[in-house]
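Each remark here refers to the structure printed beneath this line.
FYI, it's all coordinate maths here, none of it is from the lab. Keep in mind it's a predicted model, so treat the numbers as computed, not measured. All Cβ positions, even for glycine, are placed from backbone atoms using ideal geometry, and neighbour counts span all protein chains on display.
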Amino acid sequence: MPDSTITVFVVLRDEARALSRLLVRCHQRGWSPVSMRSVSDGARCEVTMRLRVPGDRRGAEHHVRAQIERLVDVEHVTVDAADGVPDGVAFAAVRRKAPWITFAA
């Protein structure tokens, strides 16, 4: 199965290694970050990224969400399959799915 691209929005407590743990988890699972945007207000860090994921079960939206939710410091995860659209469009779409209004547009 060919690789696909999914968009992930993650809200982390802004701890010293939270972002590093997120990126390590992605690499451990074989998910390659294609593009990423991170914004912090000092208490929380919001990360929006496009991941190239395998076409097997490891790349399924529910699997990606479950694996990221297991990380320490993760408060929320939203996943959206937005393959074939520009980063800005994909980032906006996944942020709109979040259950609250985020602090950085």
Q: Please arrange Val74, Val8, Val79 by counting, for each residue, the other beta carbons lying within 10 Å of its beta carbon, fewest first.
A: Val74, Val79, Val8
Q: Neighbouring Cβ atoms within 10 Å as the yardstick, rank Ser20, Ser4 fewest first.
A: Ser20, Ser4
(Q) Helix-only estimate, please: 222 nm mean residue ellipticity of the chain, summing -39500 (n - 2.57) across DSSP H runs of length 4 or more and dividing by its residues, to the nearest 500. (A) -8500 deg cm²/dmol
Q. Each residue of the range 20-28 in order: what ³J(HN,Hα) in whole Hz does its phi give by Karplus 6.51 cos²θ - 1.76 cosθ + 1.60, θ = phi - 60°, with x for Gly and Pro?
A. 4, 4, 4, 5, 5, 4, 4, 5, 4
(Q) If I take every Cα pair under 8 Å that is 6 or more residues apart in the chain, average their sequence separation and divide by the length, what percent do I get for the relative contact order? (A) 38
Q. Which cross-chain or sequence-distant (5 or more) residues have an amide H under 5 Å from the amide H of Arg44, H modelled 1.01 Å from N in plane?
A. Asp14
Q.
Run the numbers for Ala92 and Arg57: contour at 0.36 nm per residue of separation, minus the present Cα-Cα distance, in nm.
A. 10.0 nm
Q: Using the Karplus curve 6.51 cos²θ - 1.76 cosθ + 1.60 with θ = phi - 60°, work out ³J(HN,Hα) for each residue of the range 76-86 in order, rounded to whole Hz, and write x for Gly and Pro.
A: 7, 9, 10, 10, 9, 8, 10, 6, x, 10, x
Q: Please get the size of the charge dipole for the chain, origin at its Cα centre, with Cβ charges of +1 on Lys and Arg and -1 on Asp and Glu, quoted in debye to the nearest 20.
A: 160
Q. Taking 0.36 nm per residue of separation and subtracting the Cα-Cα distance, what length does fully extending Ala43 through His27 add?
A. 3.2 nm
Q: Rounded to whole Hz and in sequence order, give me ³J(HN,Hα) for the range 87-94 from the Karplus expression 6.51 cos²θ - 1.76 cosθ + 1.60, θ = phi - 60°, writing x for Gly and Pro.
A: 3, x, 5, 5, 5, 5, 5, 6
